[in-house]
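Worksheet: the structure to be examined is printed underneath.
The values are calculated or read from the model by the stated rules, or taken from the named source; none is laboratory data. Remember, it's a predicted structure, so these values are computed and weren't measured experimentally. Cβ sites come from the backbone with ideal geometry, for glycine too, and all protein chains shown count toward neighbours. These accessible areas exclude ligands, DNA and RNA; they are computed on the full protein's heavy atoms, side chains included. Shrake-Rupley method; radii C 1.70, N 1.55, O 1.52, S 1.80 Å.
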Amino acid sequence: MKKTALDFWVGLFVVLGAAALLFLALKAGNMSSLSFQPTYAVKLNFDNIGSLKPRAPVKSAGVTVGRVSNITFNTQSYQAVVTIALDSQYPFPKDSSAQILTAGLLGEQYIGLLPGTDTEMLKTGDSITMTQSAVVLENLIGQFLYNKAADAGASKGAAAASVPAASGAK
């Protein structure tokens, strides 16, 4: 009898451990919020999507209203084409705009939708033309360092130019 009770508790522990691993795997794969609601697909064109990934959330006013369903590359315009699946319960005007945002300083990227004022709503196959690409942290740091180096070079050049003029006056 003691052995069956021990076997039961060990089995329960193993099942709970497997459930916890499944939960973590779904959370890491951004699949924990699967939705079976009807959706409509909208396309967005971006110059740079940063590290945006499929299944990334699409948010408006902080509420998840859809997910990124597909990311492709347009060889004619050399832009990234992002297809998003918006929940049908959230209609958006045709003149809405989209931008790629980052959750926190180094967090995951998501798409933020800003609703427009048009009376006609988006439907499957429509495109949002007003988009803002991702801000890439590496590019910002590179621009900052380049500007600092240019400022330092300009101040050294100005100091070097004023020194010979002072020595020639003697």
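Does any residue in the stretch 73-91 that is in a strand (DSSP E or B) come within less than 7 Å, Cβ to Cβ, of a residue that is of a type in the set (Asp, Glu) and open to solvent by 50 Å² or more (accessible area, probe 1.4 Å) six or more places away or on a different chain, and which pairs are these?
GLN79/ASP47
Can you give me the number of residues within the stretch 53-72 that are within 19 Å of GLU108 (Cβ to Cβ) and in a strand (DSSP E or B)?
Going through the stretch 53-72 one residue at a time, the tally reaches 13.
Of the conditions (1) in contact with a Ser or Thr (Cβ under 6 Å, 6 or more places away or on another chain); (2) in contact (Cβ under 8 Å) with a residue 24 or more places away in the chain; (3) closer than 18 Å to SER127 by Cβ, ASP95 fails just one. Which one is it?
(1)
Any residue in the stretch 9-24 that is without any contact (Cβ under 8 Å) to a residue 12 or more places away in the chain, touching a helix residue (DSSP H, G or I) at 6+ places or on another chain (Cβ under 8 Å) and at negative phi?
No; the residues of the stretch 9-24 include none that is without any contact (Cβ under 8 Å) to a residue 12 or more places away in the chain, touching a helix residue (DSSP H, G or I) at 6+ places or on another chain (Cβ under 8 Å) and at negative phi.
When the residues of the stretch 97-108 are narrowed to those that are in a strand (DSSP E or B) and open to solvent by 20 Å² or more (accessible area, probe 1.4 Å), which ends up modelled with the lowest pLDDT?
So, considering only residues that are in a strand (DSSP E or B) and open to solvent by 20 Å² or more (accessible area, probe 1.4 Å), the one modelled with the lowest pLDDT is THR102.
Can we say THR131 is touching a strand residue (DSSP E or B) at 6+ places or on another chain (Cβ under 8 Å), within 18 Å of LEU44 (Cβ to Cβ) and open to solvent by 90 Å² or more (accessible area, probe 1.4 Å)?
It is false that THR131 is touching a strand residue (DSSP E or B) at 6+ places or on another chain (Cβ under 8 Å), within 18 Å of LEU44 (Cβ to Cβ) and open to solvent by 90 Å² or more (accessible area, probe 1.4 Å).
Mind telling me which of the residues SER77, SER127, SER133, SER97 ends up being at negative phi, in contact with a Phe, Trp or Tyr (Cβ under 7 Å, 6 or more places away or on another chain) and among the small types (Gly, Ala, Ser)?
None of the others qualify; the one that does is SER133.
Kindly provide the set of residues from the stretch 44-63 that are surrounded by fewer than 16 Cβ atoms within 10 Å (Cβ to Cβ) and over 13 Å from the mean Cα position of the chain (by Cα), ordered by number.
Of everything in the stretch 44-63, those that are surrounded by fewer than 16 Cβ atoms within 10 Å (Cβ to Cβ) and over 13 Å from the mean Cα position of the chain (by Cα) turn out to be ASP47, ALA61, GLY62, VAL63.
Based on this model, can you work out whether SER155 counts as out of contact with any His (no Cβ under 6 Å at 6 or more places or on another chain), of a type in the set (Gly, Ala, Ser) and modelled with pLDDT under 90?
So SER155 fits the description; yes.
Regarding the stretch 1-12, can at least one residue be identified that is assigned to a loop (DSSP other than H, G, I, E, B), farther than 30 Å from ASN139 by Cβ and open to solvent by 50 Å² or more (accessible area, probe 1.4 Å)?
Checking the stretch 1-12: at least one residue is assigned to a loop (DSSP other than H, G, I, E, B), farther than 30 Å from ASN139 by Cβ and open to solvent by 50 Å² or more (accessible area, probe 1.4 Å).
If you scan the stretch 72-96, which residues turn out to be more than 17 Å from ILE49 (Cβ to Cβ), out of contact with any Pro (no Cβ under 6 Å at 6 or more places or on another chain) and open to solvent by 50 Å² or more (accessible area, probe 1.4 Å)?
GLN76, GLN89, TYR90, PRO91, LYS94, ASP95, listed by residue number.
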